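Report on one structure; see the data block that follows.
The values are calculated or read from the model by the stated rules, or taken from the named source; none is laboratory data. Predicted model, so just to flag it, every value in this text is computed and none were measured. FYI the Cβ positions are ideal-geometry reconstructions off the backbone, even for glycines, and counts take in every protein chain you see. Accessible surface is based on the protein model in full, side chains and every heavy atom, while ligands, DNA and RNA are left aside. Shrake-Rupley method; radii C 1.70, N 1.55, O 1.52, S 1.80 Å.
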Amino acid sequence: MVKVLSVVGARPNFVKLAGVEPWFSKMFDHVVVHTGQHYDYELSRVFFEHLDIREPDYYLGVGSGSHGYQIGEIVKRLEEVLFKERPDLVVVYGDTNSTLAGALAAVKAGFRVAHVEAGLRSFDMSMPEEVNRRVTDHVSYLLFAPTENAVRNLKRENVLGKIYLTGDVHVDVLNRWMPIVDKRSRILDLLDIDPGEYIVVTVHRAENTDNPVNLGNIVKALLNIPYRIVFPVHPRTRNALGRMGLLRKLEESENIVLTKPLGYIDFIKMVKHSWKVITDSGGVQREAYLLGIPCIVLRDRTEWVELVEAGWVKLVGTDPDKIVKSVEEFEPKESKPGLLGDGRAGERIASIIKSEIS
Ligand code: UD1
Ligand code: UDP
């Protein structure tokens with residue numbers, strides 16, 4: 001039986017793993033390695049519970065640190081597992097440090113790499129995710145691109161691996177779990193909010209949390225939005241807000257409900273019933289679009305350009321006036337084209353691996 005080894009470590013990696021795991025576990029000898037990049041219950045274990053993913057076989061326990069520390073430690077610790085398991089293929093997901101380190105460890109140790117979510121580009125090398133995804137794509141043997149645009153990016157860069165258009169695994173995951181979120185989650189009652197009457201906010205990208213001007217502007221905007229806001233706060237953001245003395249301002253606002261990061265089922269229910277979404281996340285942009293919720297993005301660039309072109313995602317950067325104005329004014333186009341695939345990306349990826357690797 002073909003042995004496939006998946007490397008995951010951070011929240012978005014787990015969601016993507018959930019899109020392929022049912023197929024991988026059926027069709028391959030599937031080994032799952034968790035790097036330990038994310039370790040809090042709310043950023044890690046809750047996803048295995050909510051998305052019904054089986055326990056990882058290895059936990060590398062790398063934890064937080066600088067990019068150099070995190071990537072170096074993952075490469076070192078993963079190499080040992082690779083030599084022990086000798087997989088036919090190593091699969092990495094998305095664009096986190098665990099993605100890049102997984103790909104580097106594998107290719108350096110002589111194992112073939114497949115990249116789920118290949119070909120995305122923001123064309124901004126100051127974003128750590130852009131470096132991670134570009135390098136990963138260039139060392140991968142199989143490149144699973146979610147969109148036509150991603151395929152074009154890969155062809156333009158003359159990557160050496162084989163490119164396949166598969167659709168986005170986030171669609172598979174959302175389609176599977178969306179029908180049951182209303183039954184399974186009581187999050188709206190717990191937070192005492194009414195459907196359609198609140199905005200969901202997420203902020204965690206380095207360009208916003210580590211830049212005091214950007215974070216200050218985002219907080220200023222949130223304090224000036226005259227609607228209810230539910231803001232599940234990533235620990236990186238909570239730390240930065242605390243350091244800059246901004247956390248208390250948000251806590252004191254009557255409109256704003258701050259929560260811990262939510263598990264997938266609760267989070268999707270929150271987005272599904274929201275009026276609008278404000279985010280800097282890659283995954284949340286797509287989920288808002290798929291659920292038909294207008295999405296305002298706190299960045300100047302996005303790797304999901306098709307959603308902007310379709311008129312469903314609005315890039316506003318961090319100018320407070322622009323953010324507040326777009327909350328009032330941004331309405332997506334009436335038509336919502338199916339830009340992210342048919343919800344069968346996971347199955348497709350598994351059958352390509354089956355025919356490519358023997
Ligand atoms: C990482 C990804 C980012 C992704 C995000 C999703 C990289 C470079 N970035 O960013 O692309 O969008 O995950 O959530 O891989 N922390 C905790 N508990 C945890 C994990 C982290 O408190 O379980 C805190 C630590 O203070 C840590 C900080 O968050 O230093 C940042 O964590 P890190 O894993 O370096 O990056 P993220 O910001 O989470
Ligand atoms: N997410 C969640 N709870 C939250 C915030 C996000 O379950 O409080 C989910 C969301 O569905 C998204 C996934 O986490 O698909 C990963 O997104 P994140 O914003 O962490 O990372 P990015 O996609 O920006 O890399």
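Arranged from highest to lowest average of other beta-carbon atoms within 10 Å per residue, in what order do the peptides 290-297, 210-217 appear?
Final packing ranking: 290-297, 210-217.
Keeping every protein chain in place, order Val107, Val81 by accessible area at 1.4 Å, biggest value first, i.e. largest first.
Val107, Val81
Quote the Stokes-Einstein diffusion coefficient, in whole µm² s⁻¹, for the range 135-234, based on the Kirkwood radius over alpha carbon pairs, a temperature of 25 °C and a viscosity of 0.890 mPa s.
139 µm²/s
Tell me, what % of the accessible area of the range 96-175 is carbon and sulfur with a 1.4 angstrom probe?
Within the range 96-175, the accessible surface is 55 percent carbon and sulfur.
Based on the Cα atoms of the range 174-290, what semi-axes does the equivalent ellipsoid have, where each is the square root of 5 times one gyration tensor eigenvalue, given in whole Å with the largest first?
24, 16, 12
What residue among Ser185, Ser66, Ser126 shows peak mean-square fluctuation when the chain is described by a Gaussian network model with Cα springs under 10 Å?
Top of the fluctuation ranking is Ser66.
Please name whichever of Met125, Val139, Gly94 sits farthest to the positive end of the charge dipole of the range 70-157, dipole taken about the Cα centre and charges placed at Cβ: Lys and Arg +1, Asp and Glu -1.
Val139
I want to check the label-to-label distance for Glu331 and Ile180. Put each point 7 Å from Cα in the C-beta direction and report it in nm to one decimal.
For Glu331 paired with Ile180, the spin-label model returns 3.7 nm.
Only sites in a loop by DSSP and with at most 12 other Cβ atoms within 10 Å count here; which GluC sites (Glu not before Pro) in the range 322-352 make the cut?
Glu334
For the range 213-358, what is the charge dipole size about the Cα centre, in debye to the nearest 20, if Lys and Arg each add +1 at the Cβ and Asp and Glu each add -1 at the Cβ?
Value, rounded to 20: 420 debye.
Find the percent of Cα-Cα distances in the chain that exceed 34 Å, and round it to a whole number.
22 percent
For helix 320-329, report the angle its Cα long axis makes with the longest principal axis of the Cα atoms of the chain; keep it between 0 and 90° and round to the nearest 10°.
So the inclination is approximately 90 degrees.
What's the carbon and sulfur percent of the range 1-93's accessible surface, probe 1.4 angstrom, rounded to a whole number?
That share works out to 51 percent.
So how strong a dipole does the range 191-281 carry about its Cα centre when Lys and Arg Cβ are +1 and Asp and Glu Cβ are -1, to the nearest 20 debye?
220 debye
Let me check something: with ligands and nucleic acids excluded, how do Met270, Met125, Met178 order by accessible area (1.4 Å probe), largest to smallest?
Met125, Met178, Met270
Would you mind checking the tilt of helix 345-356 against the longest principal axis of the Cα atoms of the chain, expressed as 0 to 90 degrees and rounded to 10?
Roughly 20 degrees between the two axes.
Cα axis of helix 67-85 to longest principal axis of the chain: angle in degrees, 0 to 90, nearest 10?
40 degrees
Just the ratio, please: alpha-carbon radius of gyration of the range 269-340 over 2.2 N^0.38 Å, N its number of residues.
0.99
Keeping every protein chain present and rolling a 1.4 Å probe, give me the accessible area per residue for the chain in Å².
Per residue, the chain has an accessible area of 41 Å².
So for the chain, taking the charge dipole from beta-carbon charges (+1 Lys/Arg, -1 Asp/Glu), which of Gly19, Ile268, Val313 sits furthest toward the positive end?
Gly19
Counting C-alpha atoms alone, how compact is the range 1-139: give Rg to one decimal and Dmax as a whole number, in angstrom.
13.7, 42
Mind giving me the FRET efficiency for Met244 and Ser126? R0 is 25 Å, r the Cβ-Cβ distance, nearest 0.05 is fine.
0.75
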